[in-house]
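Beneath this line is the structure, given in structure tokens, with notes to follow.
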Amino acid sequence: MENNTPVDKNKEISQETFEPALEKKAEEGTKTEEITEKGETTEMVNIEELKRQYDEQLKRSDEYYQRLIRMQADFENYRRRVGKEKEELLKFAAEDLIVKLLPVLDNFERALVAPNEDNQNTSKFKEGIEMIYRQFIDVLVKEGLSIIPTVGQQFDPVNHEVILQEEIEGQPDNNIIEELRRGYFFKGKVIRPAWVKVARSGKS
């Protein structure tokens, strides 16, 4: 037969009352920790995802920037090329016309060196030709035409074309002694080389 004093009974009642409460509280604490741990894990996942997205956007923006830089460089090169082509076109726009007019100029020159007959009609004709020739030359010079120097000059393969050679004492080799057809510059560019006769010293 058990003899429980009032103190023992009160102790048993207290344990029976508080132990379930402590267990319940312990379970709630465990659940709170679990939730906290889950919350921290979820937060970590979100940070990693945001960092990945940020890196992707940063990489993409850098690609766009590099593409923009290349496009700007390409456009600048295109603008310069078009500007240079336009400048060249404007500078040499009349070149074809000048080349076509050169045979006419040749005919004028041939007429002027023709023998002068002693009659009034021929004299007036020559005067008219000389006037037209001077006007024509003036127009061409204003457009940028200039004559390539020949006689007394040293042969230059860029400006001259050798048609004949002649052995002459006292003349240096490749010195131009006669002009056979006039050559022309157009704004500094050779559009027709001069035909020339050059000297040969005859020394072996």
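The set of residues in segment 166-175 that are surrounded by fewer than 15 Cβ atoms within 10 Å (Cβ to Cβ) and either outside the structural domain of Asp106 (by TED's automatic domain parsing) or within 7 Å of Val198 (Cα to Cα) (or both) contains only Glu166.
Considering segment 176-192, the residues that are of a type outside the set (Ser, Thr, Tyr) and surrounded by 18 or more Cβ atoms within 10 Å (Cβ to Cβ) include one that is nearest to Val141 (Cα to Cα), namely Phe186. Picking from residues in segment 139-163 that are loosely packed, with under 11 Cβ neighbours inside 10 Å and of a type outside the set (A, V, I, L, M), the one that is modelled with the lowest pLDDT is Lys142.
Here's the yes/no breakdown for (1) out of contact with any Lys or Arg (no Cβ under 6 Å at 6 or more places or on another chain); (2) of a type outside the set (A, V, I, L, M):
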{"position": "Arg81", "(1), (2)": "yes, yes"}
{"position": "Leu97", "(1), (2)": "yes, no"}
{"position": "Met131", "(1), (2)": "yes, no"}
{"position": "Ser146", "(1), (2)": "yes, yes"}
{"position": "Glu167", "(1), (2)": "no, yes"}
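The values are calculated or read from the model by the stated rules, or taken from the named source; none is laboratory data. Because the structure is predicted, anything quoted here is derived from the model rather than measured. Because the Cβ atoms are built from the backbone with ideal geometry, glycine has one as well, and the counts that use them run over all protein chains shown.
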